[in-house]
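A.B. asks: One structure, pasted below without further comment.
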Amino acid sequence: MSADTLVQQILDYDNRADPYPLYAELRRTPVARQHDGVYAVSTYWEILGLLHDPRISSDARNRDPLAGGPPLAEDDPNLPPSFIRLDPPEHDRVRRMVTRPFGPPVSPRRIHDMRGELAQMVSALIDGFDGKDRIDLVEDFAYPFPVKVISKLLGVPHEDEPLFHRWAEAIVAGLDFGTDQDPEERVRNAQQARIELGRYLAGLIEEHRRLPGDDMFSALATDRSADGQLSAIELIVTGVLLLIAGHETTVNLITNGMLTLLRNPDVLKRLRDDPALAPRLVEELLRFEPPVQFLPQRTCLADIDVAGTTIPKGSPIWLFLASGNRDPRRFHDPDRFTPERLDNQHLGFGSSIHYCFGAPLARLEAQLALTELARRLGDPQLVEDPPPYRSNPVLRGPRHLQLAFSGLAP
Ligand code: HEM
């Protein structure tokens, strides 16, 4: 079987529930050129090397239009890219400014201080299961929880949360190479949703500028640092990025987490007996079932040699994080879910300058959620295994996860 057809199979929805055997085959050719000009990189050390290589760009404007690859929603000529799609020095300037109200050194306590509030949100959502013996973990918990958290953090009014559902879905569908939908239409819809969400945010940010509260949008709209101030349009595209990242990734970590725990009941029991296991368990989940399976937006700025292959300047590169996480040359017994794994430098949050900005928040959300679900749900069971998956092969996770249980611990 050729490596080209392997990537097509990975994108194929029929393989969404278990792409891991395909990744194992893909790793036989660490750098595999596809028919459409994309270079697929699937082994741990090669991915890590490229993530740290300044000759690799995250900015789609560096792509050679003749080099091939499917169209990406970020190629929108009307909006500047958000910092996930910028290179240094622009990337570093914007990331530094957005970090000021979020983490060290200016706001070292921001996430720590949200812990109590996050725990309350988790409890309230689980209290809502009272009187039921079956839930859809996605609809009833794993989606609403991170949405509440990111809205609170940024300063989006609670009553506007439902507005985001449709926008967020359309925007991430822009990354969905797995559907039969016309790729141009998929990108157009994503761009339209981006514009609508941007318009909403422009109004919201203006309100926060006039009447600032204790939230990130207020801080970003009024802050002035050595780097100056974010422009209105930079603030809006950053807002879109944070809202989408907050909506579409942690839901999969929590859902993949519960699915994995229910498939490994001994680990579920250990977590129930010893909540201190949670931090390492979440790291192992990020390795074993990463919510971001691959990064399809990198471009080569020069001809570069990787594992005996020359990737020509201007070529699109796809970095298969989920495959690197299962590379036996890096991880012992990689297909086993081992929460006590010590040497666990997984690629679940990427690496280097674009390392996930929201990682401390996502970790805390998943740790609190899984610990409380394990503690409170009486004898939880999977109703359907495998569950139905979302179509997206990049942001991969179950669309629904039906759980049966008997009673709730207080
Ligand atoms: C389990 C949940 C999450 C996972 C698995 C995840 C994964 C990732 C990955 C793999 C990257 C690297 C992208 C690249 O190199 O191109 C990234 C970047 C990013 N993430 Fe997350 N993420 C998660 C949650 C969040 C949350 C909750 C936020 C917002 C608060 C967030 C905000 C960002 C931002 C802004 C970037 C871009 C960083 C940069 O370019 O410097 N993420 N994330």
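Only the coordinates and a few stated rules stand behind these numbers; no lab work does. Since we're looking at a predicted model, the values are computed, not measured. As a convention, Cβ positions derive from the backbone with ideal geometry for all residues, glycine included, and neighbour counts pool all protein chains shown.
A.B. asks: Springs between alpha-carbon atoms under 10 Å, Gaussian network over the chain: tell me which of Q191, Q381, Q293 tops the mean-square fluctuations.
C.D. replies: Q381
A.B. asks: Given G378, L364, P410, which one lies farthest toward the positive end of the charge dipole of segment 364-410, if we put +1 on the Cβ of every Lys and Arg and -1 on the Cβ of every Asp and Glu?
C.D. replies: Going by the charge dipole, the pick is L364.
A.B. asks: Let me ask something additional. Just to be sure I follow the definition: excluding the sites themselves, where is the longest run in the chain that has none of the trypsin sites (Lys or Arg not before Pro) in a DSSP loop with at most 13 other Cβ atoms within 10 Å?
C.D. replies: With a cap of 13 other Cβ atoms within 10 Å, the longest stretch comes to 225-328.
A.B. asks: Calculate, for H35 and D182, the FRET efficiency according to 1/(1 + (r/R0)^6) with r their C-beta to C-beta distance and R0 22 Å; round to the nearest 0.05.
C.D. replies: Here the calculated transfer efficiency is 0.70.
A.B. asks: Sort E289, E117, E169 by Cβ crowding within 10 Å, fewest neighbours at the top.
C.D. replies: Placing the least packed residue first, the sequence is E117, E169, E289.
A.B. asks: Based on the alpha-carbon gyration tensor of segment 1-139 and its eigenvalue square roots a ≥ b ≥ c, which shape applies: rounded if a/c is under 1.5, prolate if not and a/b is larger than b/c, or oblate? Don't skip to the end; give the middle numbers.
C.D. replies: Values: a/c = 2.25, a/b = 1.26, b/c = 1.78.
Oblate.
A.B. asks: What is the sum of charges around S151, taking Lys and Arg as +1, Asp and Glu as -1, for the other residues whose C-beta is under 11 Å from the C-beta of S151?
C.D. replies: Its environment carries a net charge of -2.
A.B. asks: Please state the relative contact order of segment 228-373 as a whole percent: Cα pairs under 8 Å, 6+ residues apart?
C.D. replies: Across segment 228-373, relative contact order equals 27 percent.
A.B. asks: Check the straight Cα-Cα distances from K132 and name the lysines below 27 Å, setting aside those fewer than 8 residues away within the same chain.
C.D. replies: Within the straight-line limit of under 27 Å, K132 reaches these lysines: K148, K269.
A.B. asks: Counting Lys and Arg as +1 and Asp and Glu as -1, each charge on the Cβ, what is the dipole of segment 87-165 about the Cα centre in debye, to the nearest 20?
C.D. replies: In total the dipole reaches around 580 debye.
A.B. asks: Among residues other than P328 whose Cβ falls under 14 Å from its Cβ, what is the net charge (Lys/Arg +1, Asp/Glu -1)?
C.D. replies: Net of charged neighbours comes to +3.
A.B. asks: Counting Lys and Arg as +1 and Asp and Glu as -1, each charge on the Cβ, what is the dipole of the chain about the Cα centre in debye, to the nearest 20?
C.D. replies: 880 debye
A.B. asks: List the GluC sites (Glu not before Pro) within segment 347-410 that DSSP assigns to loop and that have no more than 14 neighbouring Cβ atoms inside 10 Å.
C.D. replies: Here the GluC sites (Glu not before Pro) that fit, given the DSSP loop and packing criteria, are E384.
A.B. asks: Pull out a ≥ b ≥ c, the square roots of the eigenvalues of the alpha-carbon gyration tensor of segment 1-44, then state rounded if a/c is under 1.5, prolate if not and a/b is larger than b/c, and oblate in the remaining case.
C.D. replies: oblate
A.B. asks: Further question on the same structure: Report the relative contact order of segment 182-260, percent, no decimals, based on alpha-carbon pairs under 8 angstrom and at least 6 residues apart.
C.D. replies: 26 percent
A.B. asks: Taking a ≥ b ≥ c as the square roots of the Cα gyration tensor eigenvalues, with a/c under 1.5 meaning rounded and otherwise prolate when a/b beats b/c, else oblate, which class fits the chain? Don't jump to the answer; show the numbers that get you there.
C.D. replies: On the way: a/c = 1.59, a/b = 1.08, b/c = 1.47.
Taking the square roots of the gyration eigenvalues as a ≥ b ≥ c, the chain is oblate.
A.B. asks: Note down the relative contact order for segment 1-156 as a percent, whole number, built from C-alpha pairs under 8 angstrom at least six residues apart.
C.D. replies: 11 percent
A.B. asks: Residue farthest toward the positive end of the dipole of the chain, with Cβ of Lys/Arg at +1 and Asp/Glu at -1: which of P104, P162, W45?
C.D. replies: Of P104, P162, W45, it is P104.
A.B. asks: Please give the net charge around E161, taking every other residue with its beta carbon less than 13 angstrom from that of E161, where Lys and Arg add +1 and Asp and Glu add -1.
C.D. replies: Here the charged neighbours net out to +1.
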